[in-house]
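A.B. asks: Next up is a structure, given as structure tokens.
The values are calculated or read from the model by the stated rules, or taken from the named source; none is laboratory data. Since we're looking at a predicted model, the values are computed, not measured. Cβ placement follows ideal geometry from the backbone for every residue including glycine, while neighbour counts extend to all protein chains displayed.
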Number of protein chains: 4
Amino acid sequence: MSNKIRLGILGGGGDSLIGVLHRVASAMYDKYQIVGGVFNPVFEENIGFAKKIGLPTNRIYKDFDTLIAEELKLPVNERMQVVSILTPNFLHFPMAKKLLENGFNVICEKPLTTTYEEAKVLNATLKMANTVFAVTYTYTGYPMVRQMREMIKNGELGKLQKVDAQYYQGWINPIIHDKEKRSTTWRLNPEKSGISCCVGDIGTHAFDMLEYVSGLKVESVLADLNYLYEDNKMDIDGTVLLRCSNNVKGVICTSQIATGEENSFIVKVYGDKAGLKWEQENPNYLYLMEDGKPLRVLKPGHSYNSALSLDGTKLPPGHPEGIFDSMGNIYKGVAKAINKEPYDHGEYPTIIDGVRGMNFIEKAVESHQKGNVWVAIETID
Amino acid sequence: MSNKIRLGILGGGGDSLIGVLHRVASAMYDKYQIVGGVFNPVFEENIGFAKKIGLPTNRIYKDFDTLIAEELKLPVNERMQVVSILTPNFLHFPMAKKLLENGFNVICEKPLTTTYEEAKVLNATLKMANTVFAVTYTYTGYPMVRQMREMIKNGELGKLQKVDAQYYQGWINPIIHDKEKRSTTWRLNPEKSGISCCVGDIGTHAFDMLEYVSGLKVESVLADLNYLYEDNKMDIDGTVLLRCSNNVKGVICTSQIATGEENSFIVKVYGDKAGLKWEQENPNYLYLMEDGKPLRVLKPGHSYNSALSLDGTKLPPGHPEGIFDSMGNIYKGVAKAINKEPYDHGEYPTIIDGVRGMNFIEKAVESHQKGNVWVAIETID
Amino acid sequence: MSNKIRLGILGGGGDSLIGVLHRVASAMYDKYQIVGGVFNPVFEENIGFAKKIGLPTNRIYKDFDTLIAEELKLPVNERMQVVSILTPNFLHFPMAKKLLENGFNVICEKPLTTTYEEAKVLNATLKMANTVFAVTYTYTGYPMVRQMREMIKNGELGKLQKVDAQYYQGWINPIIHDKEKRSTTWRLNPEKSGISCCVGDIGTHAFDMLEYVSGLKVESVLADLNYLYEDNKMDIDGTVLLRCSNNVKGVICTSQIATGEENSFIVKVYGDKAGLKWEQENPNYLYLMEDGKPLRVLKPGHSYNSALSLDGTKLPPGHPEGIFDSMGNIYKGVAKAINKEPYDHGEYPTIIDGVRGMNFIEKAVESHQKGNVWVAIETID
Amino acid sequence: MSNKIRLGILGGGGDSLIGVLHRVASAMYDKYQIVGGVFNPVFEENIGFAKKIGLPTNRIYKDFDTLIAEELKLPVNERMQVVSILTPNFLHFPMAKKLLENGFNVICEKPLTTTYEEAKVLNATLKMANTVFAVTYTYTGYPMVRQMREMIKNGELGKLQKVDAQYYQGWINPIIHDKEKRSTTWRLNPEKSGISCCVGDIGTHAFDMLEYVSGLKVESVLADLNYLYEDNKMDIDGTVLLRCSNNVKGVICTSQIATGEENSFIVKVYGDKAGLKWEQENPNYLYLMEDGKPLRVLKPGHSYNSALSLDGTKLPPGHPEGIFDSMGNIYKGVAKAINKEPYDHGEYPTIIDGVRGMNFIEKAVESHQKGNVWVAIETID
């Protein structure tokens, strides 16, 4: 019998891209075996998908509740150990909550929930359950993001004095200018997508990333969001001023109407000793800038990197790894936690990252609605 | 007798870098001859400098007032036609004003003055004088900046929907953390440098550039500035939210504590058809981004560029020109105006650019001091 | 029962990096299931490794011959369908030959064999066996390499007139200058590594890539190799002049003493209509150069790409994929061939690529040894 | 009276681009004053051009011989001190020779002459004249090229082991495929352009640059040139294998049919300690590669640069300078030599560079014509 971690999957069937990402990530370090799940709400499609990806169908369930019920009947050493939630956002909360209440470890796609209130409930539930819970802010798994975090933690930038993240995309441009399209896209429908499109989808990545690499906490925000059309109910662009712990100021610039941009997520942190810059579209380069010295460009796999970074590189320098590898690293970290092996807290984002992300979304929207005023981010533990 | 434009220079002696920039720029298209000036307040150094740069000393004057008085005695066809003001900022206003009142054309370094009030007076003076007046926002002379302006003007981006400028430097980092140094640097002394360091020095470049390339007018600003230390009286970092004409929103991010950054001035404009990006440190590349099409990279000197852009390129593609060439283009435009030749309004920045720049500085500081609120930019003509 | 392709693996145990690459690649499109193999020559380590990667041990065999014997006892619908050979180079030939003789499909690491003679024998064996045989020139699986091939095939470059490949590494630099180290490294030992180090290891990649993307055949070569030290028996640097079909000339520059280079493999092809450039370290960018037009930068996942390219991208534009994804694409192509599904000949490199690669190595060394003269590459089918 | 160096110019009138380059370069450091010359063979155009560029016409001569005769009548302290030769190539030799014989300093465009024989004669003439003679291999004036030279000279790369230069252009592509055009272009006419087009025009730049930065001497060459059409008499592409002093091997790749390339001149030198790379189209970046360390990117104007490099930068880091500035640096070095001030031998290319360049052209063509064999480069002093 394989000693791999038994993984169940919720959602991610059909043409789902996120499904591919999680399946490949789970395979990357030989740590997981997918044993079942519910890929689609329609049972025939669910079974068909399982066959298509070469899975036995005996643990493909007709719905989530059945999955819970049937898995609980299995002996512990056969039962799913962890379940990945890849369903539409509004299902994250009830699924995660019930999984936790029944003792499962959980890997949950972002956003954690649709409201901050739900997120806090989930956090409380997790404290009772005491299982492993990861939120897949995928970009934190890149080796050079991890290296950025470690260098800052080790004081290589000195005292931090400025943080800046840009996350520009252009994908909504062909949609937003068409009255028909913008009224029918689920991403712009508050009932389906929560209260924010741009801040909710990519602003949270920027928020989480800045906290992840800098070790700072964002304490308050002032946001100016952009809806472009009066009949559009969701922000599709916005700038958020930040005030962080240690009196550090910063800014998050986000847009989904940055026409022609693909996924331009750029992170910059400056301290009194040096600055660091990283760009998601070229994730294997980390730029170290020091007063009056040549720019240094760090790349993955070299021994000058930290242990946390090196743990996330599989091949020698010059063999580019990408976003699948980044997600693979998060799964690897979760596997260590499930297997009670030692791991670094930077190996996967936790529920606290997810809860703070939800609070950030709500506070950014609140700041905008109140006329671009400062609003405090709540503290959570 | 040479038919070159007779140019006088104020300041720019000694080790002045700006002096080199203006002298080379004036030589670039064979249009100007430096005939005299006042390079230094100390007469011996003034004369010594003139000799060092190979100038006859007969029109090197002991001070500005003498220059005016003596030049006016010369017949018009020998008199200086234009005077470049490269002196410390607080001298720009009195010198420019007197030059205008005496009928000289003027090329003035930025910032135009030390206050918006002075700037408006100067504008009124110019209206009476009706001479040529240029403010050297140097970066607008780059061929690919001009190309950006023309493409936007011609509608290649469609209706604009987002503007963004970043101007990050790190030069003040080694100064700001040393109590002694930060209290003695003239750049951080309000009496010598006006009310703002970062917004005043580089924020204005970003402001002018966004208006130059986009054709939009910034209508109001909300600024969050950063002083880092309580005893520091001048901002050395700041983010300014923008609301522009045509309901376009935007942001200007500036910093002088972005440790290790040199002169990272990046301009992005997005419309509903496409986006454009330009970076000052690699000024010969203009990036055109369109939904679902390959990124296109435009370079100077190609026939696909606009007339305004091509007018600013001296060599064929692949022969990189730089900032001296950019300033040379501004001098070339001024020469056309002085010589009453036809020219494009994009060829050099005018006093209006200078006046608006001063207003931007004051309004950004006002916004910050009032608690990060929206403040309107005044209209001027 | 899973309908995945049953995959066996030879070699790749212990700390093998190539083993990780093949395992992840095989998992990437849900097409393969690893059912057994021989990971290590020492049986305990072999079993230990299987457990470590979570495999059942019932089909982990003590050696290659046992694997063949035992697998043949299994019914066809349980037997391994394809075996990946990741062992040291000298084992490729006997293993591949026996596998073919017993009807297995084969995925073989490069170089195919240690001599051209062996390679030809293998080719003859394959003709008898009529199974699927792939040689893992990994880089041909990148989406933008595939796109380059398709654009050239479709005439977008016009008539080709120049090909150029550079493959520079620096890894042998710390070894080559130490007499002790260079005499003990297996890579510089002809008995273990064949007759060439640099041409054999990376020159062949360049050779195969040029033929892959251009559709041309290299017809003759003139090589100048570099051994640096008299006691060193293997080239560690060399330039190879090329004459190709259609009277196209070209050059392959290779080095392992390009100190500080990681894996700088750059491919350029120029035709009378346009040129294309691709760089392995930034594999998601393809540069299209046309006379007098802006440079165009193509990226994966956009609908402007060919079907062959798009088939190799799993996520939308802006989500960088890397070398694991490239190898995954090759495995995907092989899966189609094994499953008798339609596939493009560009989806995986065949034995012909492997045989020609071996001939290239031998001819380059022959050219050098004869005093840098032209030597013909043989034709094979 | 100005103490600037009195400069005469031959050629460079009309729409000449090279004329602009030399005039701006001469003005860049306030060291030269253009006092006269012969810009055009037609006297009216000559005078007209002088007026257009604002020069007094009293020393604009009707032809070269008149210039010599009249200038010699002037007292030494009024006479032209240096003459720049920008005429068609075949005139370089007779003009330079006569100038030297009459005691003038000379700045001569490349190629120095049309044959190696002429070049040697000129070298002998210079030895008699003992004046200053510079050949404008423009690219050697870039600050980061100078930095490359100094770092190599100071041993920062250790013992050199590989040199590589690529010089790819595409400009002849639209000409070469048209039988009419290729037979009428002067660049492809041996009577007007000597025996080589591609090697002669850009290959020599690569040859000179490699010797300039590395300090090595190329000792023999093996060339494979490309003419594309039988009726085309001049190479328009070619690869040249190099054997240099200290047993260093290398390669020069050149092309004018690299369709879509602008002026892609890339220089790489590798030693046993590190490697350096520089690209002409982005001349302000110098890449230092060391085993197992982060890539370092050096930029102009920083104090970590050598004195030779810093002497060629006028503004602080982040203010990009370009090819005009590079030529300006060469003029600055020549001015020092003329003024008998101390200067570094790296400040301007000498006649020896020009002579060796001519020999390189002839030997590369000889190697090709003899069937791609090794041919020795002659030594000269």
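A.B. asks: Any idea how many residues of segment B:319-356 are within 14 Å of chain D (Cβ to nearest Cβ) and in contact with a strand residue (DSSP E or B) (Cβ under 9 Å, 6 or more places away or on another chain)?
C.D. replies: Of the residues in segment B:319-356, the ones within 14 Å of chain D (Cβ to nearest Cβ) are B:319-329, B:331-332, B:335, B:338-339, B:341.
Still in the running and in contact with a strand residue (DSSP E or B) (Cβ under 9 Å, 6 or more places away or on another chain): B:331, B:335, B:338-339.
Looking only at that region, the number is 4.
A.B. asks: Within segment B:297-307, is there a residue that is away from chain A (no Cβ under 14 Å) and free of Cβ contacts under 8 Å to residues at least 12 places away in the same chain?
C.D. replies: The initial filter retains those residues of segment B:297-307 that are away from chain A (no Cβ under 14 Å), namely B:299-307.
Right, trim to free of Cβ contacts under 8 Å to residues at least 12 places away in the same chain and you get B:303-304.
Checked against the condition, which is being away from chain A (no Cβ under 14 Å) and free of Cβ contacts under 8 Å to residues at least 12 places away in the same chain, segment B:297-307 yields at least one hit.
A.B. asks: Looking at (1) small (Gly, Ala, Ser); (2) over 24 Å from A:Gly260 (Cα atoms); (3) without any contact (Cβ under 8 Å) to a residue 40 or more places away in the chain, find the lone condition where C:Ser264 falls short.
C.D. replies: Unmet for C:Ser264, out of (1) small (Gly, Ala, Ser); (2) over 24 Å from A:Gly260 (Cα atoms); (3) without any contact (Cβ under 8 Å) to a residue 40 or more places away in the chain: (3).
A.B. asks: State the number of residues belonging to segment D:221-243 that are within 7 Å of chain C (Cβ to nearest Cβ), among the charged types (D, E, K, R) and more than 20 Å from the chain's Cα centre (by Cα).
C.D. replies: Step one: filter segment D:221-243 for residues within 7 Å of chain C (Cβ to nearest Cβ), giving D:222, D:224, D:226, D:228, D:237, D:239, D:241.
Of the ones still in play, those that are also among the charged types (D, E, K, R) are D:224, D:237.
Within this subset, residues satisfying the condition of being more than 20 Å from the chain's Cα centre (by Cα) are D:224.
The total comes to 1.
A.B. asks: Only one of B:Gly260, B:Gly312, B:Gly292 is more than 10 Å from every other protein chain (Cβ to nearest Cβ) and part of a loop (DSSP other than H, G, I, E, B). Can you tell me which?
C.D. replies: Details: B:Gly260 fails: more than 10 Å from every other protein chain (Cβ to nearest Cβ); B:Gly292 fails: more than 10 Å from every other protein chain (Cβ to nearest Cβ).
Within the list B:Gly260, B:Gly312, B:Gly292, the selection yields B:Gly312.
A.B. asks: The conditions are (1) away from chain C (no Cβ under 14 Å); (2) surrounded by fewer than 24 Cβ atoms within 10 Å (Cβ to Cβ); (3) of a type in the set (Phe, Trp, Tyr), and D:Phe207 fails exactly one of them. Which is it?
C.D. replies: (2) is the only condition that D:Phe207 fails.
A.B. asks: What are the residues in segment A:268-289 that are facing chain B (nearest Cβ under 10 Å) and hydrophobic (A, V, I, L, M, F, W, C), if any?
C.D. replies: Residues of segment A:268-289 that are facing chain B (nearest Cβ under 10 Å), as a first pass: A:268-277, A:287-289.
Selection gives A:Val269, A:Ala274, A:Leu276, A:Leu288, A:Met289.
A.B. asks: Going by what's in this entry, would D:Ile252 be described as among the hydrophobic types (A, V, I, L, M, F, W, C), outside any loop (DSSP other than H, G, I, E, B) and surrounded by fewer than 24 Cβ atoms within 10 Å (Cβ to Cβ)? Step through it out loud before you land on a result.
C.D. replies: Working: among the hydrophobic types (A, V, I, L, M, F, W, C): yes; outside any loop (DSSP other than H, G, I, E, B): yes; surrounded by fewer than 24 Cβ atoms within 10 Å (Cβ to Cβ): no.
Taking the combined requirement at face value, the residue does not satisfy it.
A.B. asks: Within segment B:229-242, work out how many residues are surrounded by 21 or more Cβ atoms within 10 Å (Cβ to Cβ) and either in contact with a helix residue (DSSP H, G or I) (Cβ under 7 Å, 6 or more places away or on another chain) or under 23 Å from B:Met144 (Cα atoms) (or both). It would help to see each step written out before you state the result.
C.D. replies: Of all residues in segment B:229-242, those surrounded by 21 or more Cβ atoms within 10 Å (Cβ to Cβ) come to B:234-242.
Still in the running and either in contact with a helix residue (DSSP H, G or I) (Cβ under 7 Å, 6 or more places away or on another chain) or under 23 Å from B:Met144 (Cα atoms) (or both): B:234-238, B:240.
Looking only at that region, the number is 6.
A.B. asks: Let me ask you something else. Take the residues in segment A:239-263 that are in contact with a Gly (Cβ under 7 Å, 6 or more places away or on another chain) and small (Gly, Ala, Ser); name whichever of them is farthest from A:Gly200 (Cα to Cα).
C.D. replies: The qualifying residue farthest from A:Gly200 (Cα to Cα) is A:Gly260.
A.B. asks: Moving to a separate point now. Taking the residues in segment D:155-187 that are surrounded by 24 or more Cβ atoms within 10 Å (Cβ to Cβ) and closer than 21 Å to D:Pro88 by Cβ as candidates, determine which candidate is farthest from the other protein chains (Cβ to nearest Cβ).
C.D. replies: D:Ile172
A.B. asks: Which members of segment B:123-137 meet the condition of being outside any loop (DSSP other than H, G, I, E, B) and surrounded by fewer than 24 Cβ atoms within 10 Å (Cβ to Cβ)?
C.D. replies: Residues of segment B:123-137 that are outside any loop (DSSP other than H, G, I, E, B), as a first pass: B:123-129, B:133-135.
Passing the criteria: B:Asn123, B:Ala124, B:Thr125, B:Leu126, B:Lys127, B:Met128, B:Ala129.
A.B. asks: Go through segment A:10-26 and give me each residue that's among the hydrophobic types (A, V, I, L, M, F, W, C), surrounded by 23 or more Cβ atoms within 10 Å (Cβ to Cβ) and touching a Lys or Arg at 6+ places or on another chain (Cβ under 9 Å).
C.D. replies: Taking segment A:10-26 as the starting set, the residues that turn out to be among the hydrophobic types (A, V, I, L, M, F, W, C) are A:10, A:17-18, A:20-21, A:24-25.
Then keep just the ones that are surrounded by 23 or more Cβ atoms within 10 Å (Cβ to Cβ); that gives A:10, A:21, A:24-25.
Hits for segment A:10-26 are A:Leu21, A:Val24, A:Ala25.
A.B. asks: So, one more: Take segment C:363-374 and flag every residue that is of a type outside the set (S, T, N, Q), over 18 Å from C:Leu210 (Cα atoms) and in contact (Cβ under 8 Å) with a residue 12 or more places away in the chain.
C.D. replies: Filtering segment C:363-374 down to residues of a type outside the set (S, T, N, Q) leaves C:363-366, C:368, C:370-371, C:373-374.
This time we only want the ones that are over 18 Å from C:Leu210 (Cα atoms), so: C:365-366, C:368, C:370-371, C:373-374.
Correct list: C:Val365, C:His368, C:Val373, C:Trp374.
A.B. asks: Right, next: Pull up segment C:188-198, narrow it to residues that are touching a Phe, Trp or Tyr at 6+ places or on another chain (Cβ under 9 Å) and part of a helix (DSSP H, G or I), then point me to the one that is surrounded by the fewest Cβ atoms within 10 Å (Cβ to Cβ).
C.D. replies: So the residue we want is C:Glu191.
A.B. asks: Inspect all residues belonging to segment B:187-196 and state whether any of them is under 23 Å from the mean Cα position of the chain (by Cα), modelled with pLDDT of 95 or more and closer than 30 Å to A:Ile236 by Cα. Please lay out each step first, then the result.
C.D. replies: Our first condition is that a residue be under 23 Å from the mean Cα position of the chain (by Cα); within segment B:187-196, this holds for B:187-196.
Checking the rest, the ones that are also modelled with pLDDT of 95 or more come to B:196.
Among the residues that remain, those that are also closer than 30 Å to A:Ile236 by Cα are: none.
Checked against the condition, which is being under 23 Å from the mean Cα position of the chain (by Cα), modelled with pLDDT of 95 or more and closer than 30 Å to A:Ile236 by Cα, segment B:187-196 yields no hits at all.
A.B. asks: Among the helices (runs of 4 or more DSSP H) lying completely within segment B:1-116, list those that include at least 1 residues that are within 14 Å of chain D (Cβ to nearest Cβ) and under 20 Å from B:Ala337 (Cα atoms).
C.D. replies: Values: elements: B:17-27, B:43-52, B:64-73, B:89-101.
Qualifying helices (runs of 4 or more DSSP H): B:17-27.
A.B. asks: Go through segment B:263-289 and give me each residue that's over 18 Å from the mean Cα position of the chain (by Cα), outside any strand (DSSP E or B) and surrounded by fewer than 24 Cβ atoms within 10 Å (Cβ to Cβ).
C.D. replies: Step one: list which residues in segment B:263-289 are over 18 Å from the mean Cα position of the chain (by Cα), which gives B:268-277, B:282, B:284-289.
Adding the requirement that they be outside any strand (DSSP E or B) leaves B:272-273, B:282, B:284-285.
Within segment B:263-289, B:Asp272, B:Lys273, B:Asn282, B:Tyr285 qualify.
A.B. asks: Let me ask something else. Scan segment B:325-350 for residues that are assigned to a loop (DSSP other than H, G, I, E, B) and touching a residue at least 12 places away in the same chain (Cβ under 8 Å) and jot them down. Steps first, please.
C.D. replies: Looking only at segment B:325-350, we keep the residues that are assigned to a loop (DSSP other than H, G, I, E, B), and these are B:339-350.
B:Asn339, B:Asp344, B:Gly346, B:Glu347, B:Tyr348, B:Pro349, B:Thr350, listed by residue number.
A.B. asks: Which of the residues that make up segment A:24-64 are in contact (Cβ under 8 Å) with a residue 24 or more places away in the chain and acidic (Asp, Glu)?
C.D. replies: Within segment A:24-64, A:Asp30, A:Glu45, A:Asp63 qualify.
A.B. asks: So which pairs qualify, if the first residue must be in segment C:205-231 and on the phi > 0 side of the Ramachandran plot, the second must be assigned to a helix (DSSP H, G or I) and buried (at least 20 other Cβ atoms within 10 Å of the Cβ), the Cβ gap must be under 8 Å, and the two must be at least 6 apart or on different chains?
C.D. replies: These pairs meet every condition: C:Gly215/C:Arg149; C:Gly215/C:Ile152; C:Leu228/C:Ile176.
A.B. asks: Moving on. Just give me the residues in segment B:244-257 being within 8 Å of chain A (Cβ to nearest Cβ) and closer than 18 Å to B:Gly357 by Cβ, in sequence order.
C.D. replies: B:Val251, B:Cys253
A.B. asks: Take segment D:49-79 and flag every residue that is among the acidic types (Asp, Glu) and surrounded by 20 or more Cβ atoms within 10 Å (Cβ to Cβ).
C.D. replies: Just the residues of segment D:49-79 that are among the acidic types (Asp, Glu), to begin with: D:63, D:65, D:70-71, D:78.
If the condition is that a residue be among the acidic types (Asp, Glu) and surrounded by 20 or more Cβ atoms within 10 Å (Cβ to Cβ), then D:Glu71 is the only one that fits.
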